[in-house]
Amino acid sequence: MPALPVSTPLPTGVPAGPGFGREGPQTSFDAILMRLDRAVYAAFAHTSGGGSPTALALAWLDWAVHFACSPGKHYALATGVLAYWQCLTMGVSSDYRGDGDPRFDDSGWGHWPFNMLRDGFAQIESFWQQATAGVRGVSPRNEQVMNFVARQCTDMLSPANCWWLNPQVLRAIGETGGHNFVKGARNWLEDQEDLLEGRVPGSSIRRFAPQQLGCDVAATPGKVVYRNLLIEVIQYEPRTRTVWHEPVPGPERQNSFTSREL
C-alpha cells in the first residue's frame, strides 16, 4: 500500500507562502549560496595553510595603532638598539645567554665571525619580542598572536638556517667532503615523492625499513578510546602490575601548540 504524503509543519515564526517551504526555491537557492561561500572559504584556507587572514590582519591593526601611539615604547626600544651598537663599535663583547636556544649550542658559534652573527640575530629577536609585548591597549589575544608571528618571522632570519653561515654545517662539509648535501638532497627528493603520492613527508617505507618493531619503533598494545575530527586519544595497556590512577602525559609535546591553536 503506497504511503500517503505527510505535510511538514513550518517552524514557528516562518510565514507560509511561495519560497518558504522546506523544499521551496528560496531555500534551495540559499543552500547554493551557502555552498558557494564555503567553497570560497575553503580556497582561502588552502591558500593560507588553515590560518585566518582576517584574524591576523585585525591583530596586526590592533597592535600597530596602539604601538604608534606609544612614544615611551619607542624610546625604550631605541635605547636598547643604540646601546647594542655602541658596544659593537667599541669592541665590547656582548654577554650572550641564548636562553637555551639549541640552534647555537655548537662551540663554533663562540668564534668570530659566527659570534657576531649569533649576537646580531639575538638582538633582532629580542627587539621584536619587546616590540610586540607590553603595548598598552592591545588585547591579550592579539598580543599573543603578534608575538607568535614576530617570533616565527625572526626565526626565518636565523643564521643557523643558512649553511654558509652555520659553523656546524661547514664543519660537516669538511668532514664528509660534501656528502652531507648529497644525503640531504636524497631526503628532499623522497619527501617530494611522498607529497606527490599523497603521503606525509618523511613517512616513506624506505626510511623505516631498517627499523625493528619493538626495538626502534614502539609496539605497546593499546586502543583508541576517543576520536573526533581533530584528535585521537589512545589508551595503552599497562605493562606493570601497578599503575597510576591518573594517566601521566608523555614528554612528546610537538603537537600541543597546534591543538591549542585549532
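Quick one: which residue in Gln86, Gln130 is among the polar types (S, T, N, Q), without any contact (Cβ under 8 Å) to a residue 40 or more places away in the chain and within 30 Å of Ala68 (Cβ to Cβ)?
Gln86 is the lone residue from the list that is among the polar types (S, T, N, Q), without any contact (Cβ under 8 Å) to a residue 40 or more places away in the chain and within 30 Å of Ala68 (Cβ to Cβ).
Quick check, is Leu82 more than 23 Å from the chain's Cα centre (by Cα), surrounded by 13 or more Cβ atoms within 10 Å (Cβ to Cβ) and either at pLDDT 90 or above or at positive phi (or both)? So Leu82 fails the test.
Output the number of residues of the stretch 134-143 satisfying the condition of being loosely packed, with under 15 Cβ neighbours inside 10 Å and at negative phi. Spell out the reasoning first.
First pass over the stretch 134-143, keeping only residues loosely packed, with under 15 Cβ neighbours inside 10 Å: 134, 136-137, 139-141.
Among the residues that remain, those that are also at negative phi are: 136, 139-141.
Looking only at that region, the number is 4.
Among the residues of the stretch 41-55, those identified as surrounded by 11 or more Cβ atoms within 10 Å (Cβ to Cβ) and among the polar types (S, T, N, Q) are Ser48, Ser52.
The values are calculated or read from the model by the stated rules, or taken from the named source; none is laboratory data. Every value quoted in this text rests on a predicted model; they were computed, and no experiment measured them. Using ideal geometry, Cβ is built from the backbone for each residue, glycine included, and neighbour counts are taken over all protein chains shown.
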